[in-house]
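The structure appears right after this line, and notes come after that.
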Amino acid sequence: MKKIMMGDEAVARGAYEYGITFAAAYPGTPSTEIIENIAKYKEIYSEWAPNEKVAVEAAIGASIAGARSLAAMKHVGLNVAADPLFTFAYTGVNGGCVIVTADDPGMHSSQNEQDNRYYAKFAKIPMLEPSDSQECKDFVGYALDISEKYDTPVLLRLTTRVSHGKGVVELGERQNVEMKPYKKDIPKYVMVPANAQKRHVVVEERLKALRQLSEEISINRIEWNDREIGIITSGISYLYVKEVFGDEVSILKLGMTYPLPSELIKKFAEGVKKLYVVEELEPYIEEHVKSLGIKVIGKEILPIVGELNPGIIRKAIKGEELEHISVDTKVPGRPPMLCAGCPHRGVFYVLKKKRVPVLGDIGCYTLGAAPPLEAIDTCVCMGASVSGSHGFQKANEHKGRKQKTFSVIGDSTFFHSGITGLINIVYNKGNAVPIILDNRITAMTGHQHNPGTGKTLMGEEAPEIDIAKLSEAIGVKRVRVVDPFNLKEVENAVDEAVNTDDTMVIIAKGPCALIPPKPQGECRIDQDKCKKCGLCLRLGCPAISKKDGIFSIDPDQCTGCTVCMQVCPFDAIEKVR
Amino acid sequence: MQEVKSILMVGVGGQGTILASNVLAEGLLKNGYDVKMSEVHGMSQRGGSVNTQIRFGEKVYSPVIEVGAADVIVAFEKMEAVRWLNYLKKDGVVIVNTVEIPPLSVLISKEEYPKNLIEEISKSVKTIAVDADKIAESLGNIKAQNIVLLGVLVKYLGLQGIDWEEVIKNNVPQKFVELNTNAFRKGLEVI
């Protein structure tokens, strides 16, 4: 049977067909749909982990127990999980283990566009790179076979266009893969120096065998056509090259990109007149080809920044551009924004009013940096708001600058890596103030459950981790839970925090406006009372607009959250239902 | 089997471009076409500009459409049609929903929503303007505008031979099947 599948969905299908027993992930675009789809197969135990490190460590445990396992994450998630990954490379596996990284060239929904292919080389583990959905499924099978045969975790590297691209996939049956027996093996699994020193030797021997495999494996293949031009490529770039050149040029298509097949590359280079490497982001393959003493054209004509597409390749290699329509009319940009009824809006409004530094984090609330709110000062990585605010505050204090520092972090991000920052504040007697924007869901990635929501990935009831009690247990002196739709309450808590030297946490607890059922309510502007001061527009609510001098609220979008009502100094806004 | 066709659907997060493209892709697959699609999830969906790309034919490589390569742009919103117009082939066609969804900068009066966009577009390219929101609203739910536009597209591409109503049934919740089937039929009648 054939089905159109997203790349992520096809990885999930591969997990099913190739007998994976355990899968874990933390959501992150473009990887989220992998485990969401795995969860549809009841034959696989799957779970959301609080972060990527925990997901990989759990997959390691499952592998050592004897099960085929998988952990999935976005590119920056692998930074979080790098610690276990590098040592897992030494211990090797029992049941096969696939670590999926979904990179985001072009940063559609990310804070950087790091090229995670270097992780395979750095950690010395094999890497496969599928080009389309069919390969996404098939390569899970190759990865598991390689993992078990060579006793190593395998990195499966996708990019946004592979993860979220859709193509036709031929479905198969699930293989019945038995759990392997577990045998205690201290020299293999306990990485104390004496054992690790021996395991590093094993890793180097394994690499030799994997280099040989890379020369022979069928997913590294040459398509000989005209020999004037030869192109080495992998992943999505292969499809772009085929789009531009079809069967006009010779292609070395690499499905296994670590270790790279040096002999195959040499053979290919000798067989063509002019050699190119076409790859997105870093000159990863190009550097290797050059290290073999082969002349090759790559990043001098192709961009290192952003995504490739067929047009860029066409222009760079063929010097051609497609004719296209152009119009002179300039249209305003349409950046994403906080939804009408979003619980973050009121908190940002208050923080902006107080003119305090606010270190931000990763989630919908990063949109609080956009005009007109412009309420956050930084966004670095998951968890960096809480820990960063501590450093910000301490440095200021040490040099006699008196200013309270705040941070904003979502519930899921707090569980991911905000907790350790909070422990640091308490331990080091800081008093920067984390505001936990607890909207009861992992919103930005599309509403995934987390340790605070009371539900698991597989839909079971679970204990709700109570952020207020957790903060108290850590030793925070003042814990204030506020309603983010009540501006006075938020403001009082912020004022209290500004004026105390105690450690303090504010939890702004209000559900994401998109959690069904959609909140039903409506505010309306009384045109007789409206003085057209424009304060309500400073909320950046998509339901409020000014047209031809008249301020109004779109009843279809309004949720009746009343934040604008509280902002209006003339009582011109009323709640009508 | 014909050469590869490229359809670019553009709109605003929440307008249902992904559902429309899923229905299109499934129908095409069932009728023996190779199909590739690309869409963007995540941050841009919070009211931002979104696009879904569908390519079909005997053998499709790239899931991504390059500038100057789209046969049809289906714009769910007027301004988005202009934003993506350079993706269209010289002899391509734009199917555009005449609705205006102002971005935040327009809502807060920092910028103006550009005027006469349809006239502007139709000066340079064949344009089919459809008041899909109004048609959907007359059927009882404005949200079905995406399937109205799909109907227009199917008619334009001459793909009426495919059992689209069956595909729609597979892709929408039971209680919305009738609405969407009617929306699709209305779309077919537009041109």
Report, by residue number, each residue of region B:70-106 that is among the hydrophobic types (A, V, I, L, M, F, W, C), within 7 Å of chain A (Cβ to nearest Cβ) and in contact with an Asp or Glu (Cβ under 9 Å, 6 or more places away or on another chain). B:Met79, B:Val82, B:Leu88, B:Val106
Of the residues A:Ile219, A:Ile186, which single one is in contact (Cβ under 8 Å) with a residue 60 or more places away in the chain and of a type in the set (Val, Ile, Thr)? A:Ile219
For B:Lys30, the lone unmet condition from (1) more than 7 Å from chain A (Cβ to nearest Cβ); (2) closer than 21 Å to B:Leu117 by Cβ is (2)
Quick one: which helices (runs of 4 or more DSSP H) lie wholly within region A:184-257 and hold at least 2 residues that are under 15 Å from A:Ile317 (Cβ atoms)? A:235-245
Output the residues belonging to region B:40-83 that are of a type in the set (A, V, I, L, M), part of a loop (DSSP other than H, G, I, E, B) and over 13 Å from B:Thr17 (Cα atoms). B:Val60, B:Val64, B:Ile65, B:Val67, B:Ala69
Which condition does A:Arg538 not pass, out of (1) in a helix (DSSP H, G or I); (2) crowded, with 20+ Cβ neighbours inside 10 Å; (3) in contact with a Leu (Cβ under 8 Å, 6 or more places away or on another chain); (4) outside the structural domain of A:Val476 (by TED's automatic domain parsing), if it passes all the others? (2)
Those residues of region A:189-216 that are free of Cβ contacts under 8 Å to residues at least 40 places away in the same chain and hydrophobic (A, V, I, L, M, F, W, C) come to a total of 4
Exactly one of these conditions fails for B:Ser105: (1) of a type in the set (Gly, Ala, Ser); (2) out of contact with any Leu (no Cβ under 8 Å at 6 or more places or on another chain); (3) open to solvent by 30 Å² or more (accessible area, probe 1.4 Å). Give me its number. (3)
Residue by residue through region A:86-113, note down the ones that are open to solvent by less than 10 Å² (accessible area, probe 1.4 Å) and under 19 Å from the mean Cα position of the chain (by Cα). A:Val98, A:Ile99, A:Val100, A:Thr101, A:Ala102, A:Asp103, A:Asp104, A:Pro105
List the number of the failed condition for A:Arg161; all other conditions in (1) away from chain B (no Cβ under 14 Å); (2) within 20 Å of A:Leu308 (Cα to Cα); (3) assigned to a helix (DSSP H, G or I) hold. (1)
Look at region A:234-260 and say how many of its residues are touching a Ser or Thr at 6+ places or on another chain (Cβ under 8 Å), of a type in the set (D, E, K, R) and away from every other protein chain (no Cβ under 11 Å). 1
Among the residues of region B:10-23, is there at least one that is in contact (Cβ under 8 Å) with a residue 40 or more places away in the chain and either over 12 Å from the mean Cα position of the chain (by Cα) or more than 25 Å from B:Asn180 (Cα to Cα) (or both)? no
Tabulated pairs, region A:534-559, first more than 8 Å from chain B (Cβ to nearest Cβ), second in a strand (DSSP E or B) and open to solvent by less than 10 Å² (accessible area, probe 1.4 Å), C-beta under 6 angstrom, 6+ apart or interchain: A:Cys536/A:Ile544; A:Ile553/A:Cys523; A:Ile553/A:Ile544; A:Cys558/A:Cys523
The condition of being open to solvent by 20 Å² or more (accessible area, probe 1.4 Å), within 32 Å of the chain's Cα centre (by Cα) and either at pLDDT below 95 or outside the structural domain of A:Ile297 (by TED's automatic domain parsing) (or both) holds, among A:Tyr182, A:Tyr189, only for A:Tyr189
Scan region A:114-122 and tell me whether some residue there is of a type in the set (S, T, N, Q), crowded, with 23+ Cβ neighbours inside 10 Å, in a strand (DSSP E or B) and at pLDDT 95 or above. no
Kindly indicate whether any position in region B:112-127 is more than 7 Å from every other protein chain (Cβ to nearest Cβ), under 21 Å from A:His108 (Cα atoms) and among the hydrophobic types (A, V, I, L, M, F, W, C). no
Filtered residues of region B:39-65 (kept if facing another protein chain (nearest Cβ under 7 Å) and modelled with pLDDT of 95 or more): B:Tyr61, B:Ser62, B:Pro63, B:Val64
The lone exception for A:Ala572 - which of (1) away from chain B (no Cβ under 14 Å); (2) surrounded by fewer than 16 Cβ atoms within 10 Å (Cβ to Cβ); (3) hydrophobic (A, V, I, L, M, F, W, C) it fails: (2)
Report whether or not B:Val35 is more than 30 Å from A:Leu537 (Cα to Cα), modelled with pLDDT of 95 or more and facing chain A (nearest Cβ under 7 Å). yes
If you check A:Gly400, A:Gly311, A:Gly383, A:Gly293, which single one turns out to be outside the structural domain of A:Cys564 (by TED's automatic domain parsing), crowded, with 16+ Cβ neighbours inside 10 Å and over 20 Å from B:Asn86 (Cβ atoms)? A:Gly383
For residues that are in contact with a helix residue (DSSP H, G or I) (Cβ under 9 Å, 6 or more places away or on another chain) and surrounded by fewer than 24 Cβ atoms within 10 Å (Cβ to Cβ), scanning just region A:34-45, find the one that is nearest to the other protein chains (Cβ to nearest Cβ). A:Glu36
Exactly one of these conditions fails for B:Ala25: (1) within 9 Å of another protein chain (Cβ to nearest Cβ); (2) under 28 Å from A:Asp328 (Cα atoms); (3) surrounded by 24 or more Cβ atoms within 10 Å (Cβ to Cβ). Give me its number. (2)
Do you know which of the residues in region B:84-101 that are assigned to a loop (DSSP other than H, G, I, E, B) and aliphatic (A, V, I, L, M) is most open to solvent (accessible area, probe 1.4 Å)? B:Ile101
Considering only region A:325-355, how many residues are free of Cβ contacts under 8 Å to residues at least 24 places away in the same chain, open to solvent by 60 Å² or more (accessible area, probe 1.4 Å) and within 9 Å of another protein chain (Cβ to nearest Cβ)? 3
Qualifying residue in region B:128-141 (condition: in a loop (DSSP other than H, G, I, E, B) and within 7 Å of chain A (Cβ to nearest Cβ)): no
Filter region A:21-62 down to residues that are in a loop (DSSP other than H, G, I, E, B) and among the basic types (Lys, Arg), then give me how many there are. 2
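The values are calculated or read from the model by the stated rules, or taken from the named source; none is laboratory data. These numbers come from a predicted model, not from an experiment. Cβ coordinates were reconstructed from backbone atoms using ideal geometry, including for glycine residues, and neighbour counts include every protein chain displayed. Surface areas here come from the heavy atoms of the whole protein model, side chains and all, with no ligands, DNA or RNA. Shrake-Rupley method; radii C 1.70, N 1.55, O 1.52, S 1.80 Å.
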